[in-house]
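All of the numbers you see were taken from the coordinates with simple rules; none came from a lab. As the structure is a computational prediction, the values presented were derived from the model and not from experiment.
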Ligand code: SF4
Ligand code: SF4
């Protein structure tokens, strides 16, 4: 069975960074890139991600999918 990983649809991100602190393995990094809404976005390191779903649960804008 394939391991679960988090995928982020950063077009909807509002730059709150809650997910960065919530990830237990520090797989989410804030980056300088700005999305179309004008917010700084995040990146998920798929190699580090353990598919725990914490980012999915904490993001107020539901940008994560864990699959
Ligand atoms: S919690 Fe959601 S809205 Fe906030 S920075 Fe992370 S992905 Fe963006
Ligand atoms: S699913 Fe868990 S390990 Fe993966 S990025 Fe989200 S919080 Fe981090």
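For the reader, a short list of remarks on this structure follows.
- In plain terms, the chain from residue 61 to residue 14 could stretch by 16.2 nm, reckoned as 0.36 nm per residue minus the Cα-Cα distance.
- Stokes-Einstein translational diffusion, the chain - Kirkwood Rh over all Cα pairs, 1.567 mPa s, 4 °C, in µm²/s: 110
- Based on Cα contacts under 8 Å between residues 6+ apart, the chain shows a relative contact order of 45 percent.
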